[in-house]
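FYI, it's all coordinate maths here, none of it is from the lab. Because the structure is predicted, anything quoted here is derived from the model rather than measured. Cβ sites come from the backbone with ideal geometry, for glycine too, and all protein chains shown count toward neighbours.
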Amino acid sequence: MDSSVWMHVGIMVCSVFVASVSQILLKISANKTYPSKIKEYLNGYVITGYALLFLSTILTMLALKKMPLSWQTVIESSGYFFVFVMGHFILKEKISRRKILGLLVIFAGIIVFLL
């Protein structure tokens, strides 16, 4: 496999990370109260979150030009890990056994795919 494919895999991982950051920003915005509906939907968190989601879409399209399509779903599943970690450290969400079990199942699926 040539280096171009691995570069596009890296772009895909960046895309997933950017989408995960977007989700965290949207969750931060959802947890706040706003004086009006306009400010609830037009604030820095929401605008930045959707801009990052758009950027993630562009990065995904670029990555899929040279990367095998079958890898996309496996790489996308890494987003659950990114959101889990950022949710714990940024949003101060509790780590439960159920969440850890869910991540282990996701990682097991990734390992099975890679083998």
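Summary table below
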{"read-out": "On Cα atoms only, tilt of 97-114 relative to the major axis of the chain in degrees", "value": "30"}
{"read-out": "Degrees between helix 3-30 axis and first principal axis of the chain (Cα, 0 to 90, nearest 10)", "value": "20"}
{"read-out": "Local electrostatic count, Ile24, Cβ distance below 13 Å [Lys/Arg +1, Asp/Glu -1]", "value": "+1"}
{"read-out": "Where Rh is the Kirkwood radius over Cα pairs, Rg/Rh for the stretch 3-114", "value": "1.04"}
{"read-out": "Helix-only CD estimate at 222 nm, as mean residue ellipticity for the chain, using -39500 (n - 2.57) per DSSP H run (n ≥ 4)", "value": "-26000 deg cm²/dmol"}
{"read-out": "Of Ile95, Ser15, Val83, farthest towards positive along the dipole that unit charges on Lys, Arg, Asp, Glu beta carbons give the chain", "value": "Ile95"}
{"read-out": "Point-charge dipole on Cβ atoms (K/R +1, D/E -1) for the stretch 3-114, about Cα centre, debye to 20", "value": "320"}
{"read-out": "P(r) of the stretch 45-111 over all Cα-Cα pairs, binned every 5 Å from zero, in whole percent", "value": "4, 14, 17, 21, 18, 17, 9, 1"}
